[in-house]
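Please read the structure below before turning to the comments.
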Amino acid sequence: MEIIGYIGYAALVILAIIWAVGVRTQLGAGVHTVLGSLYFVVGAVGIPLLGIDMLHTLWVILVGFLFAGIIAPVLMGMPGLSWILGLVAGMYSGAVRVGISRQEIEKAQADSVCETVNDYMDKQE
């Protein structure tokens, strides 16, 4: 069973790297995507630091996808938590996107919002 845990941990590390690179390259990524990336990075760093059995990485990976896809968007809709999560996501994305100009990030985010609104309007017609 120990080998399965290490395979799961390797998968968690790969997911953490992929999601972090995604946050860096997809400048228009939403807050839920940034929080999902942060979840995977914290899991990949925290599990060995806390001495937790590597087999736990299997459920950590599953919950990570649920967190990014379902839980984080719901939490972002809650008035008390949304500003805290937005602050944490902003700090993490700022650390991941070091070296990218603020203007470039803001332009990509504005373009992403415009595309989302245009897609929504096209579906309504």
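Where residues in region 70-81 are of a type in the set (A, V, I, L, M) and either in a loop (DSSP other than H, G, I, E, B) or farther than 15 Å from A29 by Cβ (or both), which of them is most open to solvent (accessible area, probe 1.4 Å)?
Taking region 70-81 and keeping what is of a type in the set (A, V, I, L, M), we get 70-72, 74-76, 78, 81.
From what's left, either in a loop (DSSP other than H, G, I, E, B) or farther than 15 Å from A29 by Cβ (or both): 70-71, 74-75, 78, 81.
Details: I70: 102, I71: 70, V74: 86, L75: 40, M78: 85, L81: 69 Å².
Filtering first and then ranking leaves I70.
Taking G51, is it open to solvent by less than 60 Å² (accessible area, probe 1.4 Å) and not charged (D, E, K, R)? Before you say what the answer is, go through the steps one by one.
On the way: open to solvent by less than 60 Å² (accessible area, probe 1.4 Å): no; not charged (D, E, K, R): yes.
So G51 does not fit the description; no.
Considering only region 82-97, state which residues are of a type in the set (F, W, Y) and surrounded by fewer than 17 Cβ atoms within 10 Å (Cβ to Cβ).
As a first pass, look at region 82-97 and keep what is of a type in the set (F, W, Y): 83, 92.
W83 - this is the single residue of region 82-97 that is of a type in the set (F, W, Y) and surrounded by fewer than 17 Cβ atoms within 10 Å (Cβ to Cβ).
Between a residue in region 20-37 that is under 18 Å from F67 (Cβ atoms) and open to solvent by less than 20 Å² (accessible area, probe 1.4 Å) and any residue that is outside any helix (DSSP H, G or I) and small (G, A, S), which pairs come within a Cβ distance under 8 Å, given they are 6 or more apart or on different chains?
Cβ pairs passing all conditions: V23/A29.
Quick grid of which residues meet (1) modelled with pLDDT of 90 or more; (2) within 22 Å of V21 (Cβ to Cβ); (3) assigned to a loop (DSSP other than H, G, I, E, B):
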| site | (1), (2), (3) |
| --- | --- |
| V45 | yes, yes, no |
| L55 | yes, no, no |
| F65 | yes, yes, no |
| A68 | yes, yes, no |
| W83 | no, no, no |
| K107 | no, yes, no |
| E115 | no, yes, no |
| D119 | no, no, no |
| D122 | no, no, no |
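Only residues that are open to solvent by 70 Å² or more (accessible area, probe 1.4 Å) and within 29 Å of E106 (Cα to Cα): list them for region 1-19, please. Walk me through it before giving the result.
Start the filter on region 1-19 by keeping residues that are open to solvent by 70 Å² or more (accessible area, probe 1.4 Å), which leaves 1-4, 6-7, 14, 17-18.
Result: I14, I17, I18.
Just wondering, is there one or more residues in region 14-37 that are part of a helix (DSSP H, G or I), farther than 22 Å from S112 by Cβ and over 12 Å from the mean Cα position of the chain (by Cα)? Walk me through how you get there before you give the answer.
So in region 14-37, the residues part of a helix (DSSP H, G or I) come out as 14-25, 31-37.
With the extra rule that they be farther than 22 Å from S112 by Cβ, the set shrinks to 14-17.
When the remaining residues are screened for being over 12 Å from the mean Cα position of the chain (by Cα), the result is 14.
Within region 14-37, one or more residues are part of a helix (DSSP H, G or I), farther than 22 Å from S112 by Cβ and over 12 Å from the mean Cα position of the chain (by Cα).
Against the conditions (1) free of Cβ contacts under 8 Å to residues at least 12 places away in the same chain; (2) part of a helix (DSSP H, G or I), where does V98 fall short? Just the number, please.
Just one mismatch for V98, condition (2).
The values are calculated or read from the model by the stated rules, or taken from the named source; none is laboratory data. A quick note: this is a predicted structure, and the numbers were derived from the prediction, not measured. Reconstructed Cβ throughout: ideal geometry from the backbone, glycine too, with neighbour counts over all protein chains shown. Calculation scope for accessible area: heavy atoms of the full protein, side chains included, ligands and nucleic acids excluded. Shrake-Rupley method; radii C 1.70, N 1.55, O 1.52, S 1.80 Å.
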